[in-house]
Every structure is written in structure tokens, then in C-alpha cells.
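Peer 1: Please find one structure pasted underneath; my questions will follow.
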There are 2 protein chains.
Amino acid sequence: MTKLADFRPKRRAAVLAACESLKTGAIAVSHLANVRYLCGFTGSNGVLLLTGRGATFYTDPRYDIQSAQECDCAVKVVTGPVWEAVAKDVRRKRLTSLALESEHLSHAQWTALAKEFGKAVKLAEAKGVVEGLRAVKSPDEVARIRKAVLLGSAAYEKALALVSEGMTEQQVAAEIDHAMRLLGAEGPAFETIVAAGKRSALPHARPTGAKIRRNQLLLVDMGACLDGYMSDMTRVAYVGRLGGRLSAQARRVYDAVLEAQLAGIAAVKPGARCKDVDAAARKSLKQRGLDRFFTHSLGHGLGLEIHETPRLGGKVESELKPGMVVTIEPGVYLPEFGGVRIEDTVLVTESGVEVLTPTSKEFAVIA
Amino acid sequence: MTKLADFRPKRRAAVLAACESLKTGAIAVSHLANVRYLCGFTGSNGVLLLTGRGATFYTDPRYDIQSAQECDCAVKVVTGPVWEAVAKDVRRKRLTSLALESEHLSHAQWTALAKEFGKAVKLAEAKGVVEGLRAVKSPDEVARIRKAVLLGSAAYEKALALVSEGMTEQQVAAEIDHAMRLLGAEGPAFETIVAAGKRSALPHARPTGAKIRRNQLLLVDMGACLDGYMSDMTRVAYVGRLGGRLSAQARRVYDAVLEAQLAGIAAVKPGARCKDVDAAARKSLKQRGLDRFFTHSLGHGLGLEIHETPRLGGKVESELKPGMVVTIEPGVYLPEFGGVRIEDTVLVTESGVEVLTPTSKEFAVIA
């Protein structure tokens, strides 16, 4: 397998090329996911300076050994604030302009640098430059996401087998997270959502001490982080026996959401606009009169972060490209009843779409 | 027990009073821990606008139900970007100045607001205003931190009983996190550190697939998040039997670090300068010739975040006050041998200090 490091010099060159439109030949990258993407560093503090002459990563003494192991570029370990060392080198190198990630850098830090540089160095706002590159995954990144997806699904199967009536949402979440860790994940990709009954109608429910009862929906939204890459999946099960009035309504909502999810997936292909993919799922729900209960976007890119470009939202004009990895996750939320969301992680291929998530979408019943 | 909500109107008044020195009577708070502190909201997106006429919290439709349940002030749920809604109301209220948290707001967001306001609203940089208030905990906050500390210690005991030679660092971390969750924690306060052998010399080691062997040090740095509040503790155990050459060296280092930790704790009292508390522990290690291996600050405040004001560092002149909660965590890191760090969470009382962490600091042996 090609190593991620092989891609990094190309990525750094692409970032510098993108900086030309900002009228500068240098950029200091500080958003940690972008830093990792461009030089391999996985720690919590550092700045990567890219110029036409090469790449230098600056970090603090806690990461002395780690940065030397991880980075495929020059490394400077500095005592004192990292930005001060970067600024000093920018002046020493006699750079006259520098791009900074204005969406990630605090205004206070920007102001301090602007003051430090005075008129000698002109600052340019880089917005989404590295994020734009990251939207299309390299084959090696796809392989890593695939592994994270498989791990997440394996953990779900393992944990779900332990779930029974009377357990709390928190206990179920704890079992899922534990299963992920034992399978080798660095941790959950985000705070695992377990929501039973009416709480499943809250799209961002945190697990509570509430016990899981019979004749309830149980929604699980979870992802694993493995080797830095994320997965994301939502499944809904029914606790109890099918057959009653409640289960019939649950089934109707479930089938409608699944149909919408499949319609969304079917719309994924190179060249499709994000808004049209969103619309395909929404249209399907409209035919059932349920579209007004689908209150969020259809999905989002993911990779080194759980939410990345592109967003599959109703106003997003940009087109899908081969190598993009996105979630497809329509939901229907009925406040007094509960919610159903079904979510897979999918890959945009040269010819269409590949669903990476292997977990069954049959309406599962926990007896 | 007094509810946290009872303190919030006072806190909001104190923030507005602090804004007077910035020559404004209004502030928009967006750093989420500060938002939670001031109005109770625990979600992931929102802005709190404080003016002399009252407080209004702005969030998106995902948090419609949750914000109504949590906030003790007016709530506006808006579709579209939250900051746009805030800006619109700032103009509608004819405010002529507004403080923003420049250390937390991105430069891009700041610039967008400055452009939107033009000359009509003057922006002021609020730095550490809410963080300064948060450094001194209310009795109710101390009670919550106490619970998080007790939970963390209970999870440590429970997990450590399962540890044996041959387990990986990752497995031990998974057991600790699982124990925390089953005891009711929202999750770990930070990524649990489990480092065996030489890796214990890396202050920020991430757990790996490396197996725990005999005659190794095992360092665990962990904390629990409960009801939003954090705990933080580090303990080091010895795997194997005491008696050999290695264990004797480990013991010497351990005893020196423990002595330094106790010296640091003894220096904690109202009016003590942060740098003097740090110096007390460092001086103790110097007497053993080990101070050059203590490569970080002695400790940090904690509460709604794991790292808060004050920092107990060698250059920090500020004084401790009753109600502050800080960690005391000296360490000695010998690259070819391993590291020892001992860390408690302590409370500054009216008369001195109370160690909140109940876990034994005897040199533990895992047979």
C-alpha cells in the first residue's frame, strides 16, 4: 500500500499553488487536521510554514520525539510560543507576504502577528484552501476510511448484541465505545448518540440515564476514529415485538426514511450537485408527506474530521467528484413519537457510488 | 443544594461590569464553555448576547427543545448563521459598541462582523473576561468537581484491578474509559493516557498497541467529565516484583516526585503566587538533582474545561484565591528509563488547601 507520506509533498505543492491566487508564495498552516494532512504530525500544538524553498514544522518540547518520528519535513522544536518562532523565521527569510488560515486563527493571534510584522509582511486570508484539497481523498485515505467504517460496524454489532430492555442510554453508549476501543480504534469519532423513545426525535441527543423500555425506538449514531480517519453511521432498532399500533407507525416511518436514503444514495455520482443529492432524498419524503420533519442537511464529507467539505445541503451548488467520501443521512423527527435516521458512509466512484457501510438496514428488533 | 442557575444572573452582571473597562456595555459570548457558564446551554452552537437590558441566547433549530430546557434567559432559535441574527439584533437595539471574545473568535468571523457593523458599532477585544471569573469556583461548582474527582478515582480502582502483564496500553485505556462511563460519566475529560516502560517518559503519550511487560513503569493520566465538570489525576504503578535494580531506581524517582508533589501541595494557600507554588515543587526536585527532568509547569486550573486559569508556571505572578481548583502534577522524565508523574486535583480553601483526589499515592505494584 502506498504510504500517506508519499502524497504529502504533492499536497504541499498544491497548497502553495493555491496561494498564488492570494498573491503570496508562503502560508503558515495551523489548523491541526490540515497540519496532519500536510506533514503527518498528530499532536496538539504546532504550525507548518510552507514557502517555495520548503516546509518547516514548528512545535513545542513535549513533541520533540513524536514530531521527528511523524513529520516528513524539517522540524523546529522551540521553547516559548510557537507563533513567535514562526514570525521570527518569516522575517529572517525576508518574506514580504504570508497567508494565514483566517477561519481557524483567533482574531487575537492574527492581530498580534499583524502588529509583529508591521508593514514588512503583508498578511492574506486563506479560507478553505487545504480543506478544498482534503475533500477529494487519495486511495490511501479511502483505504483508511474503509477500515474505520468496518471497525465502527463491527463495534455496533458487538455492542447491540448486549443491549436489552432496562439498560440506560449511557450504558449502551459505554458498550459501543468500549467495543470500538477493544477493536483498536483511537476512540469514538464524536460523542456517541444513543437515544430511546421520544428522545430519538432530538437530532443531537446526548445519552442520558433513561432506561430503554419496550415499544420504543432506539437510535444509535456512532463513528470510530482509526489511524486519524473517521467513520459515521446511524441505525434505528425497535425494542419489543412488532405487531402493535406503535410498531406499525414506526415501521411506516422507517420504510419512508430508508426509501429516501436509497434515493439519496442513487443520486450520488461524479458531477452531481450537492443540492440535487439533498433534493433527491427530500423529494422521496415529500411523496410520503414527511419532508417537513426532515430538518437538517442530507449529509457531509468526512475524513480527518467528522465534518468536512462538501456539505450536502439544499443551497450547495458544488459538484461531487470521484474520491469524495460523504454521509447520506435523512431523518424524520416526530416530537411526540420519536425519530428515525438512517446513515451510511459512501464513496463517490468514477462511475457512481459505493456504499462503504456494511451494516444491514433491515428494521432490527431487540426482543 | 443551590442550583448553578442561581449564580448565573450574578455572573452575567459581573461580565458586564468587566466590560466597562473595555468602554462598552455589551458583549457577545461565543466560547462554548463561557456560554454554558453564563446561561446553562450545553450544546455545540450558540452565541449569548449580554446588554444592560438583559441576556439573549441565539442558537439553531437542532437545539430548539434543549435550549428552552437549559437556558435561564431569553432564547432565539434562528435558521441561517447564528452570528447574522446576533448582528441584526445588535443594530436593531442601536448598540454603538460591542465586546467580542477575540481569543476564541476566528479572524474571518471578526472581520465579517466588523464589515457588517461598519462605523455604527465599535468592536472591543474581550480577553479572558469570563475565564477570569471562572477561575474562582462557586460552592456548587466545587461540589460538581468533587463528584467528578470521586468518579475518576473509582473508575481508576476498578480498571486497575483488571490490569495484568500482556495487556496493551490501549486495552487498559479502554477499561478505564468504560469504567468511567458505567459509573455515569459523560466521558473522559481528555484522551486517557496509558504509557508503559520508556513511553512513560513522553508527557503526552497516546496509548498504543504495545503490551505491558514485567519490570516496567505504568503511567495513567486520566480524568472524568461529569455534569460538565472535569477531574484530573495521574498515578504510576510498577509492573512486576519490587526488589531488582530497576525497581530500586523506579522507587527513588517515585519517592522524589512524591516529595515534590507534597511540597507543591503544601505551598498552596490563598495569596500564594502561582510561580512560588511551582518553585516549591521544583526546589524539592533540585535537592535530588532531578529538577532538569521536570520539563513542564506544575499544574493548571480546571472546571468546565480541562485547562483553565490559573496556570501554575514559573513566570505566573498571579495569586491563588479561595475557591480555585488546580492540579499539582510534578513529573520526572528519564528518556531511556521512563517517567513518573503524580497528580492530584486540589481546592484552595480559606485557610490553605484541600486535596480532593482520594486515591492512594503509595507506590503501587501490579504483580
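The numbers here are math on the coordinates, done by the rules we state, and not lab data. All values reported here derive from a predicted model rather than from experimental measurement. We place every Cβ from the backbone using ideal geometry, glycine too, and count neighbours over all the protein chains shown.
Peer 1: Want the number for B:Leu242 to B:Val355: 0.36 nm per residue separation, take away the alpha-carbon distance, what's left?
Peer 2: Details: separation 113, 0.36 × 113 = 40.68 nm, distance 2.83 nm.
Fully extending the segment from B:Leu242 to B:Val355 adds 37.8 nm.
Peer 1: Which order do B:Arg91, A:Arg292 fall in if you start with the one that has the fewest other Cβ atoms within 10 Å?
Peer 2: Details: B:Arg91 14, A:Arg292 9.
Ascending number of Cβ neighbours within 10 Å: A:Arg292, B:Arg91.
Peer 1: Averaged over all directions, how much area does the convex hull of the C-alpha atoms of the range B:120-165 cover when projected, in nm²? Present the calculation step by step, with values, prior to reporting the outcome.
Peer 2: Details: hull surface 26.3 nm².
Averaging across all directions leaves 6.6 nm² for the Cα convex hull.
Peer 1: Going by C-beta contacts inside 10 Å, put B:Val277, A:Val163, B:Val90 in order with the fewest on the left.
Peer 2: On the way: B:Val277 28, A:Val163 19, B:Val90 22.
The order, fewest Cβ neighbours first, is A:Val163, B:Val90, B:Val277.
Peer 1: Shifting gears a bit: Could you work out the mean count of beta carbons from other protein chains within 10 Å of each residue's beta carbon in A:174-184?
Peer 2: If you average over the peptide's residues, the count of other-chain Cβ atoms is 5.
Peer 1: Each label point is 7 Å from the Cα along the Cα-to-Cβ direction; what then is the distance between the points at A:Asp227 and A:Glu103, in nm?
Peer 2: Going by the 7 Å Cα→Cβ label model, 2.7 nm.
Peer 1: Calculate the spin-label point distance for A:Lys321 paired with A:Glu165, positioning each point 7 Å from the Cα along the beta-carbon direction, and give it in nanometres.
Peer 2: Each label point lies 7 Å from its Cα, and together they span 5.3 nm.
Peer 1: Which shape class applies to the range B:20-174: rounded if a/c is under 1.5, otherwise prolate when a/b exceeds b/c and oblate if not, where a ≥ b ≥ c are the square roots of the Cα gyration tensor eigenvalues?
Peer 2: Working: a/c = 2.36, a/b = 2.26, b/c = 1.04.
Prolate shape, in that a/c is at least 1.5 and a/b is the bigger ratio.
Peer 1: OK, next. I need to check one value: relative contact order of chain A, counting alpha carbon pairs closer than 8 Å and at least 6 residues apart, in percent.
Peer 2: Relative contact order of chain A: 14 percent.
Peer 1: What's the angle, to the nearest 10 degrees (0 to 90), between helix B:82-92's Cα axis and the longest principal axis of chain B?
Peer 2: Tilt relative to chain B: about 40 degrees.
Peer 1: Taking every residue in B:200-206, how many Cβ atoms of other protein chains lie within 10 Å of its Cβ, on average? Provide the component values of the computation, followed by the final result.
Peer 2: On the way: counts 0, 1, 5, 3, 6, 2, 5.
Rounded to a whole number, the mean comes out at 3.
Peer 1: With both partners inside chain A, how many of the DSSP beta bridges are antiparallel, as a percent to the nearest 5?
Peer 2: Working: 42 of 56 bridges.
Given both bridge residues lie in chain A, the antiparallel proportion sits at roughly 75 percent.
Peer 1: Using only helices, what value at 222 nm comes out for chain A when you add -39,500 (n - 2.57) per DSSP H run of length 4 or more and divide by the total residues, to the nearest 500 deg cm²/dmol? Provide the component values of the computation, followed by the final result.
Peer 2: Details: 10 runs with 131 residues, N = 367.
Computed mean residue ellipticity for chain A: -11500 deg cm²/dmol.
Peer 1: May I ask for the angle, rounded to the nearest 10°, between helix A:4-19 and the longest principal axis of chain A, with both axes built from Cα atoms and the value confined to 0 to 90°?
Peer 2: Between helix and principal axis, roughly 70 degrees.
Peer 1: Could you give the longest part of chain A that holds none of the GluC sites (Glu not before Pro) found in DSSP loops with at most 12 neighbouring Cβ atoms within 10 Å? Each step should come with its number before you reach the end.
Peer 2: Details: sites that count: A:Glu317, A:Glu336, A:Glu350, A:Glu362.
Formally, the longest exposed-site-free interval is A:1-316.
Peer 1: Put a point 7 Å out from Cα along the line to Cβ at A:Pro358; what are the distances to that point in the other copies, in nm, shortest first?
Peer 2: Here the equivalent label points are 4.6 nm apart from this one.
Peer 1: Moving to a separate point now. Considering every residue in A:107-116, what mean count of other chain Cβ atoms within 10 Å of its Cβ is obtained? List each step's numbers first, then the result.
Peer 2: Numbers: counts 16, 11, 4, 6, 4, 1, 1, 1, 0, 0.
Mean partner-chain Cβ count within 10 Å for A:107-116: 4.
Peer 1: If you average the alpha carbon positions of the range A:167-232 and of the range B:325-340, how far apart do those two centres end up, in angstrom?
Peer 2: Answer, in whole Å: 34.
Peer 1: Relative to the longest principal axis of chain A, what angle (0 to 90°, nearest 10) does the C-alpha long axis of helix A:107-117 take?
Peer 2: 10
Peer 1: Still on this model: Among the DSSP beta bridges whose two residues both lie in the range B:4-134, what percent are antiparallel, rounded to the nearest 5? Walk me through the numbers before you get to the answer.
Peer 2: Values: 8 of 19 bridges.
Restricted to the range B:4-134, the bridges split so that about 40 percent are antiparallel.
Peer 1: Another question, if that's okay. Under the classification rounded if a/c is under 1.5, otherwise prolate if a/b is larger than b/c and oblate if not, where does the range A:139-366 fall, given a ≥ b ≥ c as square roots of the Cα gyration tensor eigenvalues? Display every interim value, and only then the final one.
Peer 2: Details: a/c = 2.05, a/b = 1.19, b/c = 1.73.
Oblate, since a/c reaches 1.5 and b/c is not below a/b.
Peer 1: Moving to a separate point now. May I ask you to list the lysines whose Cα is less than 17 Å away from that of A:Lys283, ignoring any residue fewer than eight positions away on the same chain?
Peer 2: A:Lys275, A:Lys315
Peer 1: Moving on. Which value, in debye to the nearest 20, gives the size of the charge dipole of the protein assembly as shown about its Cα centre, when Lys and Arg are +1 and Asp and Glu are -1 at the Cβ? Write down the numbers at each step before the final one.
Peer 2: On the way: 100 positive and 82 negative charges, 235 e Å.
Once rounded to the nearest 20, the dipole reads 1120 debye.
Peer 1: On to the next question. Sum up the charges of everything whose Cβ sits under 14 Å from the Cβ of A:Gly314, counting Lys and Arg as +1 and Asp and Glu as -1, but leave A:Gly314 out. Walk me through the numbers before you get to the answer.
Peer 2: Values: positive: A:Arg273, A:Lys275, A:Arg282, A:Lys283, A:Lys286, A:Arg292, A:Arg311, A:Lys315; negative: A:Asp276, A:Asp278, A:Asp291, A:Glu317.
Charge balance in the 14 Å sphere: +4.
Peer 1: Where the centroid of each part is defined by its Cα atoms, how far is the range B:130-161 from the range B:242-274 in Å?
Peer 2: If you average the Cα positions of each part, the centres end up 22 Å apart.
Peer 1: Further question: Please compute the modelled spin-label separation between A:Lys10 and A:Lys283, points set 7 Å along Cα→Cβ, answer in nm with one decimal.
Peer 2: Those two pseudo-labels are separated by 3.6 nm.
Peer 1: Further, regarding this structure: Considering the alpha-carbon set of the protein assembly as shown alone, what are its Rg and its Dmax in angstrom?
Peer 2: 26.3, 78
Peer 1: Rounded, prolate or oblate: which fits the range B:294-367, taking a ≥ b ≥ c as square roots of the Cα gyration tensor eigenvalues, rounded meaning a/c under 1.5, else prolate when a/b beats b/c?
Peer 2: Because a/c hits 1.5 or more and a/b fails to exceed b/c, the range B:294-367 counts as oblate.
Peer 1: While we're looking at this one, here's another question. Restricted to Cα positions, what overall size does the range A:98-202 have along the principal axes? Three whole-Å values, descending.
Peer 2: In descending order, the Cα extents are 67, 35, 25 Å.
Peer 1: In the protein assembly as shown, what percentage of the DSSP-assigned beta bridges are antiparallel, given to the nearest 5? Walk me through the intermediate numbers first.
Peer 2: On the way: 85 of 113 bridges.
Of the beta bridges lying entirely in the protein assembly as shown, close to 75 percent run antiparallel.
Peer 1: For B:Arg245, which inter-copy label distances result when the label point lies 7 Å beyond Cα on the Cα-to-Cβ vector, reported in nm to one decimal and in ascending order?
Peer 2: Its label point is 8.0 nm from the equivalent points in the other copies.
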